[in-house]
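Please read the structure below before turning to the comments.
The values are calculated or read from the model by the stated rules, or taken from the named source; none is laboratory data. Treat the numbers as computed from the prediction; the structure is a model and nothing was measured. Heads up, the Cβs are rebuilt from the backbone with ideal geometry, glycines too, and the neighbour counts pull from every protein chain shown. Surface areas here come from the heavy atoms of the whole protein model, side chains and all, with no ligands, DNA or RNA. Shrake-Rupley method; radii C 1.70, N 1.55, O 1.52, S 1.80 Å.
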Amino acid sequence: MKKFSLLLLTVLLVWSCTDNGPSGPDADDFDREAILVNWADNIIIPSYTNFSEATEQLHTDATTFSEFPTASNLLTLRTSWESAYLAFQTVSMFEIGKPMELRYRDNLNIYPTDTTEIENNIQSGSYNLELPSLNNSQGFPALDYLLNGLGEEDTEILTFYTTHPEAENYRQYLTDLTSRIDSLTNEVLADWTSGYRDEFVSNSGNGANSSLDMMVNDYIYYYEKHLRAGKIGIPAGVFSGSPLSSHVEAYYSGDFSKELFNASLDATQNFFNGVHVNQPNQSGESLDDYLDYLNTMKEGTDLTTLINNQFDAARQQASSLNPNFAAQIESNNTAMLATYDELQMNVVYMKVDMLQALNINVDYVDADGD
């Protein structure tokens, strides 16, 4: 009887050491709502609030310039445009809820802008900026053309707003663009603060339509298509086979495209780590914590560390680029391609390894072979 008891105990111990039960933390056991609260209250809403203030100032300065088109007011308006454009990099990834409904990003940042369409709109004085067909003749890229691309010197640019036969139409188009940016932003912010925030946070399940699954997909889509491809890959010719320097962001402004890229890269890394927008020394629950909770490893290395190191590697590679990406492409495109390669590594880490660990399926179609 004693031998039988020892045998039974041995069998039970062996059984308990096998993989019949979960081998580690379950992704579904993590407090997903804590991530959503941090995202909504400390990142998304503050980012839209800051951006709304910047778009209000942009429209105010555009109105002042329209009434008094002087060299000084042009410089002031350019500064407001740059500030708002940089602030936009912190909200562009959040294409969920009202922004998705409005196609917010398409209205604000399709580039290269269609200068022929802009000129036709100005000449006719008749246009409806709510039409999707006019997305590529409005937003920040259209303002870039109107503030920086109408002439080589500021004196030449100012003539379009003062002595040109259609000067009044140029001024009107300028203020219509800034008014639309501001009104769309106010609409998005109002939606987040008047109910959508609670809806977003409470939808903390683990299905394809849950807030976390949708937000993570939107985040990776932005990183892959708008940061990696839009800001670097497309103008560098990765997908076309030949460089397209005119396709850089903020093409007409000159030395601004790199600054926009860096702002976007910082914003995406900060989001991954849950860094608070208005208190950058503080952070809350985010994707890094979720992966750490699951003890997610890749080839013996912590996945969170790999992802953050790759963000840093891309930033370091881009540090030597010309502030003017168009000039960089035309002088040494190899450096742009090297930056693309560093960015691409994180597509693999996040889109494949991270999504697998979090048990989230990709919900968008990949059209460029990645």
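Going toward the positive end of the dipole of the chain, with +1 on Lys and Arg Cβ and -1 on Asp and Glu Cβ, which of A229, V365, Q310 do you reach last?
Highest projection toward the positive end goes to Q310.
Given Cα positions, please report Rg to Rh for region 74-131, the hydrodynamic radius being the Kirkwood one.
Rounded to two decimals, Rg over Rh is 1.03.
Specify, per residue and in Å³, the volume enclosed by the convex hull of the alpha carbon atoms belonging to region 269-370.
146 Å³
Can you tell me the FRET efficiency between E187 and N332 if r is taken as the Cβ-Cβ distance and R0 is 45 Å, rounded to the nearest 0.05?
Given R0 = 45 Å and the Cβ-Cβ separation, E is 0.60.
What ranking do 279-286, 73-80 get when scored by the average of other Cβ atoms within 10 Å per residue, highest first?
Final packing ranking: 73-80, 279-286.
Residue-wise, which Karplus ³J(HN,Hα) couplings in Hz belong to region 219-228, taking 6.51 cos²θ - 1.76 cosθ + 1.60, θ = phi - 60°, and x for glycine or proline?
Coupling constants for region 219-228: 5, 5, 4, 4, 4, 6, 8, 9, 7, 4 Hz.
Just name one of A190, S126, W81: the one whose Cα is farthest towards the positive end of the charge dipole of the chain (beta-carbon charges, Lys/Arg +1, Asp/Glu -1).
Selected residue: A190.
Give me the percent of accessible area attributable to carbon and sulfur for region 245-370, probe 1.4 angstrom.
Taking all protein chains in place, region 245-370 shows 43 percent carbon and sulfur surface.
To the nearest 20 debye, what charge dipole does region 231-336 have about its Cα centre, counting +1 at the Cβ of each Lys and Arg and -1 at the Cβ of each Asp and Glu?
Here region 231-336 has a charge dipole of around 340 debye.
For a quick check: with amide H placed at 1.01 Å from N, whose amide H comes under 5 Å from M297's, ignoring anything fewer than 5 positions away on the same chain?
L303
Measuring from label point to label point, each 7 Å out along Cα→Cβ, what is the D29 to S179 span in nm?
5.8 nm
Could you work out [θ]222 nm for the chain from helices alone, using -39500 (n - 2.57) per DSSP H run of at least four and dividing by all its residues? Round to the nearest 500 deg cm²/dmol.
-18000 deg cm²/dmol
What is the set of long-range amide H partners of S283 at a cut-off below 5 Å, with H atoms built 1.01 Å from backbone N?
H276
Let me know the charge dipole size of the chain about its Cα centre in debye, to the nearest 20, where only the beta-carbon of Lys, Arg (+1) and Asp, Glu (-1) is charged.
The dipole of the chain has a size of about 900 debye.
In whole Hz, what ³J(HN,Hα) sequence does region 130-146 give by Karplus (6.51, -1.76, 1.60; θ = phi - 60°), x for Gly and Pro?
Per-residue couplings from phi come out as 7, 6, x, 5, 9, 4, 8, 10, 8, x, 5, x, 5, 5, 4, 5, 6 Hz.
Compute the distribution of all C-alpha to C-alpha distances in the chain, in bins of 10 Å from 0, and list the percent of pairs in each, rounded to whole numbers.
Calculated P(r), rounded to whole percents: 5, 22, 29, 23, 11, 5, 3, 2, 1, 0, 0.
Would you check the accessible area of V347, probe 1.4 Å, heavy atoms only, in square angstrom rounded to 10?
0 Å²
Report the Rg/Rh value for region 146-213, based on alpha-carbon coordinates and the Kirkwood definition of Rh.
Rg/Rh: 1.37.
Which entries in the list K98/K351; K98/K225; K258/K298; K98/K231 go over 23 Å, if you measure between the two C-alpha atoms of each?
Listed pairs above 23 Å: K98/K351; K258/K298; K98/K231.
Just the accessible area per residue of the chain, please: how many Å² with a 1.4 Å probe?
45 Å²
Give the Kirkwood hydrodynamic radius (Å, one decimal) of region 45-173, defined as one over the mean of 1/r across all pairs of different Cα atoms.
This gives a value of 15.3 Å.
Compute the Kirkwood hydrodynamic radius of region 212-319, taking the inverse of the mean of 1/r over all pairs of distinct Cα atoms, and give it in Å to one decimal.
15.5 Å
With only Lys, Arg, Asp and Glu charged, each at its Cβ (+1 for the first two, -1 for the last two), find how big the charge dipole of region 157-241 is about the Cα centre; round to the nearest 20 debye.
About 380 debye.
Starting from the alpha-carbon convex hull of region 101-185, give the projected area averaged over all orientations, in nm².
Mean shadow area of the hull around the Cα atoms is 5.3 nm².
Expressed as a fraction of 2.2 N^0.38 Å, the rule-of-thumb size for a compact globular protein of N residues, what is the C-alpha radius of gyration of region 89-242?
In units of the globular-protein estimate, region 89-242 measures up at 1.24.
If R0 is 30 Å, what FRET efficiency do you get for S320 and S194 from their C-beta distance, rounded to 0.05?
Approximately 0.10, to the nearest 0.05.
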